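J.: Below: one structure in structure tokens.
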Amino acid sequence: MPLGAQLLGDYLNMSVCAAAMHHGMAAWTKLGLLEQPHAAAGRVPNYKGYRYYIENILDEPAQITPREKSKLNEMFRSLDHDPEKLAQGAAAAFSELLGHVVVTTTPRAEDMRIAHFEVMQVGRYSAVVLAVTNGGGVRTRVAKTDFEMSAEKARNAANALNQHLRFVAEADVTPGTIRDVVDGLGEGGGRYWPILSAAITLLSEVGKASVYFEGQQYLLHWPELEDNLRRLLELFNDGERLFGLIQPHNTHTTVEFGDEWEDPMPGLCLVSRRYLAGGGLSGAIAVAGPARMLFNEIIPQLEYFSGLLGKAMSGQ
């Protein structure tokens, strides 16, 4: 809500006359830190004003309270600690707690590999190929076959995959590697191609982080984002682009305003934090909302939450 000099002075209970306050606000407007929606309105900070606040005034955010810590600790005790489910569940729970959009990613590392394959019969002509990564994550693909599956055939397929594809990067899978897997399956090994194809697809996915977006209903609470609602939903559903936006290059909390982007998203703010999951793995978590969000409250909760998420992802 735009504020005038008199109202701001009354709110802050300052012994400064309205005229002095007005001159000060006019100077801040001239510096580009405040905006006046129309001639008769008061003034509101723009993204440059909020950036100045973040970099020059918000020295140390308030410390997280014992009550907030207790809430966050209790939240994690109730989550499923499988990495995929943990990332999504944490985003949903944190979003509900803050009343903001929350985005999380699963851990990612350049050397992420599949450490173990399992193949399980799930139907007469189908099997699930399950891959466990060296980061503790689990990914699955369903394969349809043209022959009747059995527990024994599933075990043979798993043995062949583990013998030739464990800790192998997708780029290192050659026609020779595929022949070795097929030969390892014995006579009729070529008929297992759907299972082998599912395993190769899992190899291509293992190095990619999953991105989860929760709390989209809160976008409707902020009038300044209404004009860009469609673009916002497109952004939050574009996992690759979103991953690039919220992945900090260091362990510090970062604050980005959509107005500063090459393709501007006026009124939007992303507060992001990297979390460390051990073994060289890292992921990210971000809180999204209007530029006027309460940084002094959100930043300490985000930092504590990211620590909990990193510990949970590393199995601590």
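Quick note: the coordinates plus some simple rules give every number you see, no bench work behind them. Bear in mind that the values here come from a model prediction, so they are computed numbers and not experimental data. Heads up, the Cβs are rebuilt from the backbone with ideal geometry, glycines too, and the neighbour counts pull from every protein chain shown.
J.: Within region 210-230, find all residues whose amide N lies under 15 Å from a label point positioned 7 Å from the Cα of L58 along Cα-to-beta-carbon.
T.: none
J.: Same structure, new question: With a/c under 1.5 counting as rounded, go ahead and sort region 66-115 into rounded, prolate or oblate using the C-alpha gyration tensor (a ≥ b ≥ c being the square roots of the eigenvalues; past the cut-off, prolate if a/b is larger than b/c, else oblate).
T.: Numbers: a/c = 2.65, a/b = 1.94, b/c = 1.37.
In terms of gyration-tensor shape, prolate.
J.: Excluding residues fewer than 8 places away in the same chain, name every one of the lysines whose C-alpha is closer than 27 Å to that of K69.
T.: K85, K311
J.: Starting from the 7 Å offset along Cα-to-Cβ, what nm value, one decimal, do you get for the label separation of T251 and E224?
T.: 3.2 nm
J.: Going 7 Å from the Cα of E260 along its beta-carbon direction, which residues of region 210-237 have the amide nitrogen within less than 17 Å of the resulting point?
T.: none
J.: Does region 235-304 come out rounded, prolate or oblate, given a ≥ b ≥ c as the square roots of the eigenvalues of its C-alpha gyration tensor, rounded meaning a/c under 1.5 and, failing that, prolate meaning a/b above b/c?
T.: Values: a/c = 2.28, a/b = 1.27, b/c = 1.79.
Cα axes put region 235-304 in the oblate bin.
J.: When a/c is below 1.5 the answer is rounded, else prolate if a/b is larger than b/c, else oblate, so apply that to region 132-252 with a ≥ b ≥ c taken from the square roots of the Cα gyration tensor eigenvalues.
T.: Working: a/c = 3.50, a/b = 2.45, b/c = 1.43.
Cα axes put region 132-252 in the prolate bin.
J.: At a 10 angstrom cut-off on C-beta neighbours, averaged per residue, how do the peptides 120-130, 81-91, 167-177, 235-245 rank from highest to lowest?
T.: Top to bottom by mean Cβ count within 10 Å: 81-91, 120-130, 235-245, 167-177.
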